[in-house]
1. Please specify each residue of region 153-164 satisfying the condition of being within 16 Å of the ligand (Cβ to nearest atom) and in contact (Cβ under 8 Å) with a residue 40 or more places away in the chain.
2. Out of the strands (runs of 3 or more DSSP E) lying entirely within region 45-151, which hold 1 or more residues that are among the aromatic types (Phe, Trp, Tyr) and surrounded by 19 or more Cβ atoms within 10 Å (Cβ to Cβ)?
3. So for region 274-286 (the condition being modelled with pLDDT of 95 or more and of a type outside the set (D, E, K, R)), does at least one residue qualify?
4. As an exercise: evaluate residue 188 against (1) modelled with pLDDT under 95; (2) farther than 24 Å from residue 251 by Cα and give the number of the one condition it does not meet.
5. Restricting attention to region 122-137, which residues are touching a residue at least 40 places away in the same chain (Cβ under 8 Å) and hydrophobic (A, V, I, L, M, F, W, C)?
6. Residue 316 versus (1) under 23 Å from residue 16 (Cβ atoms); (2) modelled with pLDDT under 95: which is the lone unmet condition?
7. Test residue 84 against the stated conditions and say whether it is in contact (Cβ under 8 Å) with a residue 24 or more places away in the chain, more than 16 Å from the ligand (Cβ to nearest atom) and over 24 Å from residue 114 (Cβ atoms).
8. What are the residues in region 15-33 that are within 16 Å of the ligand (Cβ to nearest atom) and in a loop (DSSP other than H, G, I, E, B), if any?
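The values are calculated or read from the model by the stated rules, or taken from the named source; none is laboratory data. Keep in mind the model is a prediction, meaning the values are calculated, not measured. We place every Cβ from the backbone using ideal geometry, glycine too, and count neighbours over all the protein chains shown. Note: accessible area is taken over every heavy atom of the protein model, side chains too, but ligands, DNA and RNA are not part of it. Shrake-Rupley method; radii C 1.70, N 1.55, O 1.52, S 1.80 Å.
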Amino acid sequence: MPVDYRDCDRQVWEEELAEFVPDRVFDAHCHLFWNDTMKPGADFSPRSEANLTDLQKWGDALFPGRPISFLILGMPKVGTDVDKHNARLAEQVALDPGSRANLLVTPECNVDRIREDLDRHGFIGLKPYRVFSATGDINNCRIHEFLPHEQMELANDLGCWVTMHLSRSQGCADEHNLKDLAEYTNNRYPRIKWILAHCARSFTYYPIQQAVDRLRDMPNIWYDLSAVTTLRPFITLFQKEKLERIFYGSDGIDSAFFHGKYVPFGRYWFQVYPDDAEFSMAHTDARPILCIYEQLLAMKQAAEVAQLSADDIEGIFWRNAVTALEIE
Ligand SMILES: [Zn+2]
């Protein structure tokens, strides 16, 4: 797939971001996709075909001169042939010794099959998602409704990672989610290592503002910063969480490498695409930049407010993940 990298992106990289992004990058949240791993006749919104080489091409454009590796997550789309998708993921992750992958799982997946798949090179955990909720309610499901207890028991036995995009209206601020995470991390599944995606699904300030003091006290919680383009959740994590629990992530390709951003409106947020919005371009010849650069600008500004050191920033972009994932 072509890399849509514009002069306005290059200007922001050169003038604002190149000095901020360290020498090495580990992206702890990204996806690959192949149309032929969808079930025949599946009805799904189109996505770009993406192999590891596409992620690497984007990496070279976004972070010139920086080596980059990935934690690749199964693409959670209804209608996926899960076994076929995971088999393709295994082939792709094997191409980069520095990268790892989390298996796509749905409540229908058999635990013996998951165990076999996890034995394959490169897989270190699971990627469940709310759209597969056994209740059919994809917006208000609890964790066990899209990651059944028998799968959590397996993940606990094996000490797996789980990348968790929280469901329910208030995300990490939801009382059921907080109680479930407290019970799982402290008591029931103490060996599962949770990565709470998107700043614990805090695309706006409210959820993480409410939840950070309780999440901070739970063991085995990490965060990826993917697709959040708002300053305040980053400031909150940088000031109140243990920095080594924070991983850079992008949610690329399609969900982050577009021109636009995720805009909060109160506690609601929406993905805005200026290319399609007929915005007036009065006042300035500046143009909208890539969403991932919006995220990096917000991270940089938050790092300034929180007075992070260069070493702290290197940790977030690279060392925290490669250490915790035991890659180096
Ligand atoms: Zn994602």
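1. Selection gives 161, 162, 163.
2. Working: elements: 68-73, 100-104, 123-127.
Correct list: 68-73, 123-127.
3. Pass one, region 274-286, residues modelled with pLDDT of 95 or more: none.
Checked region 274-286: no residue is modelled with pLDDT of 95 or more and of a type outside the set (D, E, K, R).
4. (1)
5. 124, 131, 132
6. The failed condition is (2).
7. Considered against the rule, which asks whether it is in contact (Cβ under 8 Å) with a residue 24 or more places away in the chain, more than 16 Å from the ligand (Cβ to nearest atom) and over 24 Å from residue 114 (Cβ atoms), residue 84 comes out as no.
8. Within region 15-33, 32 is the sole residue that qualifies.
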